[in-house]
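The values are calculated or read from the model by the stated rules, or taken from the named source; none is laboratory data. A quick note: this is a predicted structure, and the numbers were derived from the prediction, not measured. Cβ: placed from backbone, ideal geometry, glycine included. Neighbour counts: every protein chain shown. Remember, those area values only see protein heavy atoms, side chains included, never the ligands or the DNA or RNA. Shrake-Rupley method; radii C 1.70, N 1.55, O 1.52, S 1.80 Å.
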Protein chains: 2
Amino acid sequence: MAENMVELNLDLGNFFSRHAGQSPRPRCPAPFLLKTYDLLEEGGAEEDGSKIVSWNSEGTGFVVWSPAEFSELTLPRYFKHNNFSSFIRQLNTYGFKKTSSKRWEFQHEKFQRGCRHMLVDITRKKREPSVFPSYLKSSSEENATMTSNSTEESKDYHELLMEENKNLKKERLELQTQIAECKSLQMKLLDCLSQFMDKHQNKVRKTC
Amino acid sequence: MAENMVELNLDLGNFFSRHAGQSPRPRCPAPFLLKTYDLLEEGGAEEDGSKIVSWNSEGTGFVVWSPAEFSELTLPRYFKHNNFSSFIRQLNTYGFKKTSSKRWEFQHEKFQRGCRHMLVDITRKKREPSVFPSYLKSSSEENATMTSNSTEESKDYHELLMEENKNLKKERLELQTQIAECKSLQMKLLDCLSQFMDKHQNKVRKTC
DNA sequence: GGGAATATTCCC
DNA sequence: GGGAATATTCCC
């Protein structure tokens, strides 16, 4: 059914959110999420009636009933690979949780049957770009000061600093513009003055 | 011929170079380079004798004679896509240069016919992980102060951010001072002008 | 050409 | 599960 769907879902229209600082919510969901959702809608029922992958009974998550067939048959129709582990890696990247030890079931609060629109609320876990390679970081908690106020509500230190810096740069640009205008006006005034000088050379030499 | 070669060239054994800081030379070349080299060895001669892609006559670079066929036939046998532009992007990442405006010819000092072993000397241009999003960077060099003591060893994210923040505030103060001086000078000039006006009211009314 | 986001791979 | 390198895409 979705034979030619693999190359669709180009995320055109992400442009506006991309360079907008703290994009609060992208206009369209990540391709990975759309493909995973669509792959479930399609169902993938086998000839014998068994399923390869499907929503769980409540529609609050999904189950890969046959990882082998899922990898060989389903994945390459939606992605550029047929590795179950790469699929899992993506699920983790987007914050899905494995919710059963007995079967391959995954859930995400915002990934629900019938709620394709909610996918926009699912974002990648952002690894904040650190200057230090992770293997040089101390694993102990001596850095606790940095993460002290733990509530995820308030913007963290980085974001606040970055936001202030962004504003400062904007302000700098405005000030530089002001200075340019100032200097331009100065030139005009000086021109004007020199014209006076020329015309009233003798009389006004010592006025200023 | 190379039907099943696509998934080979896994870079096992790169472990030792990976976590070693400035890995001086990886044990094996990047998959992209091996594939590109191999794809040239294979040749890709057409039925009619024309070539899709080949080494140049000196063996110092290669030419894609038919981008369309190269994209449709060659690329997907070695890579997970059939986009010429993605291939070009990779060439740029590894420092290849387009060496002709008339045909799709590319060269890299270390990419020579018969020298598969030299591929280990070709490395990705490393975007050194910058703390600041590029769209916040001033394009001019006014921030030179920030990278003054250039040794990349010290300073983490917070420190860099705070330092930039501090510098921005200092800069703001300087700009504000400049503006104040500018305005002060303007006032003087205007004063001066008005004195002229007063003194030569009748004569010079239309000079400016 | 290249920056940066997302995808895929590899390893811990 | 997740860090990090490489690959692919998208945009400037």
First measure r as the distance between the Cβ atoms of residue B:38 and residue A:28, then evaluate 1/(1 + (r/R0)^6) with R0 = 35 Å and state the FRET efficiency to the nearest 0.05. 0.40
Every other copy gets compared here: list the nm distances from the residue A:116 label point (7 Å along Cα to Cβ) to its counterparts, shortest first, one decimal. 4.8
Label-to-label distances across copies for residue B:166, with labels 7 Å out along Cα→Cβ, in nm, shortest first? 2.4
Quick one: give the max-minus-min coordinate of the C-alpha atoms of the stretch A:31-121 along each principal axis, largest first, in Å. 34, 28, 26
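What FRET efficiency comes out for residue B:81 versus residue A:109 if R0 is 35 angstrom and r is the Cβ-Cβ distance? Round to the nearest 0.05. Don't jump to the answer; show the numbers that get you there.
Working: r = 33 Å, r/R0 = 0.94.
With R0 = 35 Å, the Cβ-Cβ based efficiency is 0.60.
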Placing the label point 7 Å from Cα along the Cα-to-Cβ direction, what are the distances from residue B:60 to the equivalent spots in the other copies, shortest first, in nm to one decimal? 6.8
Surface share of carbon and sulfur [accessible, 1.4 angstrom probe, percent] for the stretch A:48-103: 52 percent
With solvent modelled as a 1.4 Å probe, how much accessible area in total do chains A and B shield from it at their shared surface, in Å² to the nearest 100? 4600 Å²
What spacing in nm lies between the two simple spin-label points modelled at residue A:185 and residue B:48, each 7 Å away from Cα in the Cβ direction? 7.1 nm
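Please go through the residue pairs A:169/B:183; A:80/B:102; A:35/A:97; A:97/B:126 and name each one whose alpha carbons sit more than 25 Å apart in this structure.
Working: A:169/B:183 22 Å; A:80/B:102 33 Å; A:35/A:97 18 Å; A:97/B:126 33 Å.
Going by Cα-Cα distance, A:80/B:102; A:97/B:126 fall outside the 25 Å limit.
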